[in-house]
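Here is the structure we will look at.
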Amino acid sequence: MASRQLPLEHAFLNHPWWAMGQMTHAHAEPRINETATRARAGLLNIISAITIALLLMRPETDPVIIVGPLVLFDMLAAAATGLTPFSPTGILGTALTMGIRPVWKPTRPKRFAWLLGASLAATCLAMRLFGASPVAMAAVVAVCFVLTWLEATLGFCVGCYMHKLIWGCEDCEIPYVRGIAPRPAINQESPAINLESRA
């Protein structure tokens, strides 16, 4: 008889819905689902890549005037109420990972990181409004591309790491520093060799 699987222990909407994260059995404070966060970062990474391509190859499409406000709203919404219910990429990232067991992370480092993302989006949008060149705007978007790529593929949140350096975070549980496992001791004594010939 197959053993009963443990529940995934996460929901699409937070409870209450305006909360930054979700309560879990193992933590006293709300937590953010890192699995959904990385999926969201992957979506933002795709948006960044398309924006860079349009800025460099088709600047007449003026992508920043559309993408800038969208990403700015997305970052502020996520920083205020978490991945759902207002962040468009947070909603998609959560929906895509509902069948995957969550990995819970503290909310404060994520909020700090998303506010930094909002500042980058605001910077790019301001550059567009003040007539900056497409190449200059593409350079700012490239920073967003690198940051979202690091989080989506490697699980490395630069903003979270900065938060940890500035304010500390005892329960972040983010393996930024990976120690090298010690090599096993080599037995210096060589095994005895039987030189007697077999009959």
Looking across the range 129-162 at residues that are within 21 Å of P69 (Cα to Cα) and of a type in the set (S, T, Y), the single one that is least open to solvent (accessible area, probe 1.4 Å) is T148
Which residue is farthest from T148 (Cα to Cα), if the candidates are limited to the range 56-67 and must be open to solvent by 10 Å² or more (accessible area, probe 1.4 Å) and in a helix (DSSP H, G or I)? E60
Among the residues of the range 119-128, is any assigned to a helix (DSSP H, G or I), touching a residue at least 60 places away in the same chain (Cβ under 8 Å), on the phi < 0 side of the Ramachandran plot and open to solvent by less than 40 Å² (accessible area, probe 1.4 Å)? yes
Only unsatisfied item for A26, checking (1) in a helix (DSSP H, G or I); (2) open to solvent by 20 Å² or more (accessible area, probe 1.4 Å), is (1)
Being surrounded by fewer than 20 Cβ atoms within 10 Å (Cβ to Cβ) and outside any loop (DSSP other than H, G, I, E, B) is the filter here, so list the residues in the range 92-110 that pass it. L92, A95, L96, T107, R108
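Please go through the range 83-101 and pick out each residue that is under 13 Å from the mean Cα position of the chain (by Cα) and under 17 Å from W18 (Cα atoms).
Scanning the range 83-101 gives L83, T89, G90, T94.
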In contact (Cβ under 8 Å) with a residue 12 or more places away in the chain, within 17 Å of the chain's Cα centre (by Cα) and assigned to a loop (DSSP other than H, G, I, E, B) - does that describe any residue in the range 138-156? yes
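The values are calculated or read from the model by the stated rules, or taken from the named source; none is laboratory data. The structure displayed is predicted, hence computed values, not measured ones. Backbone-built Cβ (ideal geometry, glycine too); neighbour counts: all protein chains shown. Only protein heavy atoms, including side chains, enter the accessible area calculation; ligands, DNA and RNA are left aside. Shrake-Rupley method; radii C 1.70, N 1.55, O 1.52, S 1.80 Å.
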